[in-house]
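Derivation of every value follows stated rules applied to the coordinates shown; laboratory data play no part. Note that the structure is predicted; figures quoted are calculated from it, not measured. Positions of Cβ are backbone-derived with ideal geometry, glycine not excepted, and every protein chain shown enters the neighbour counts.
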Amino acid sequence: MYVIRLKPLNEQTDDMCKYHFNKHLGDICHVPEKTNILFGSSDILNFHHSINGHKPTPLYSLKSLSAKFGIKDIFVKDESQRFDLNAFKILGASYAIYRFLKKRYEQVTGVEMENLFSPNVKKTLPLYTFCTATDGNHGRAVAWMANKLNQKAVIYIPSDTVTARIESIKKEGAKVILVNGSYDDAVKMAFDEAKKNDWQVISDTSYENQIEIPLLISAGYTTLFKEIDDQLENEKLSDNDFIFIQCGVGALAATAGWFYNRYYKQSMPTLVCVEPTESACVFDSMKYNVGEITVSRGSLNTIMAGLNCGTPSEIAFPYIKNNYKLFLTINDKFAENSMKTFYNPIGDDPRIISGESGATGLAALLAIFENRNLSHIKDKLFNKNSRVLLINTEGDTDPENFNKIINS
């Protein structure tokens, strides 16, 4: 891969979008061998296959939209169809809970656990309470998995979260605690209460040096990228292609960084990290703090609730810092436009139901190709043979706002 060095490229374009080219791209990032073993394990995919109702989510090709932009193809991995949960988060939460319970089961019985969902295993398992902080989708995933295994769940969520997301968690049998504050405040409260009550935190961000569970969650996300590889078959991505990954605390972005660095090192696609302008904690760390973790400079006020995080995950950040070429922020208007673009496709492209956070990758692509202030990025990076991979991480998890946006 190559690094473009143009003086204007690290400057803010306008109030709607910021961009930063990575000065640390290619820096040595030491990956512990146990992490490589964990993330590369066949156990992850085998476990997901054991969950009733599992099937790979579709990978769509938007030929008409790519033709409009003058590039070869745009692929969309549609995670709105992951089980019946409307989001990708279950891949990480389920695997972390599985690994936690497997370890405890084998400690108690002295016997290797073969199937987490067998009646005998569920009957033998002690009763645990799993807790986490969430902006919606991760909390629902933890609650769904706990309910499926006859375990308990307590979910901490900012009090300004929309009712639909709160109710979707309650429907999974979890106790929901509203937190007067941000997602970061909810993280602190979840860890504090777990310590007091002897609960097990299933957090997708590291906190106070607790890294085992966040690592397992990120490892669970490798299923998504393995499915993409299988679906592309003989047309796998290369160094002429681009992957746009939305970023909150960075768990999914870190998994993508590890996966493509590990398996595509000689022809690695260009990775692009996308965040809301008002909660761009990774962008702010890269641009304003010389590549060291800092808190977001924004207001933490955005419709992209699943990405509304103030501080990057400590274990995720190095995999992003050393593998992503371009960091972009977008405002809510770009997110709304991308939701409408997915819902109202051109030509024979399929209709895709995408929520505010789910459409973020497309929002960044639209900004690059349709905002004249970013045309130099388009001209320098893309050509007629370029292909782009987007991840629709969620569907209409806020149905009321979704309908309001697509009908506006």
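Here the peptides 106-112, 18-24 are ranked by packing, the mean other Cβ count within 10 Å, and the order with the highest first is 18-24, 106-112.
Counting neighbouring Cβ atoms within 10 Å and putting the fewest first, the residues HIS48, HIS54, HIS30 line up as HIS30, HIS54, HIS48.
Pairs of lysine residues in the stretch 271-400 that meet both criteria, 8 or more places apart or on different chains and Cα atoms under 21 Å apart, total 8. Against the chain, whose longest principal axis is taken from its Cα atoms, helix 90-109 shows a tilt of about 30°.
Which ordering of THR294, THR393 is given by a fewest-first count of other beta-carbon atoms within 10 Å?
THR294, THR393
Once both axes come from the Cα atoms, what is the angle between helix 360-370 and the longest principal axis of the chain, in degrees from 0 to 90, rounded to 10? So the inclination is approximately 0 degrees.
Could you sort the peptides 226-232, 330-336 by per-residue average Cβ neighbour count (10 Å cutoff), highest mean leading?
Top to bottom by mean Cβ count within 10 Å: 330-336, 226-232.
Bridging of LYS123 to lysines at a Cα separation below 22 Å is possible for LYS102, LYS103, LYS148, LYS152, once same-chain residues fewer than 8 apart are set aside.
Distance from the alpha carbon centroid of the stretch 107-161 to that of the stretch 345-378 works out to 36 angstrom.
Would you mind ranking MET268, MET286, MET189 so that the residue whose beta carbon has the fewest other beta carbons within 10 Å leads the list?
Ordered from fewest to most neighbouring Cβ atoms within 10 Å, MET268, MET286, MET189 come out as MET189, MET268, MET286.
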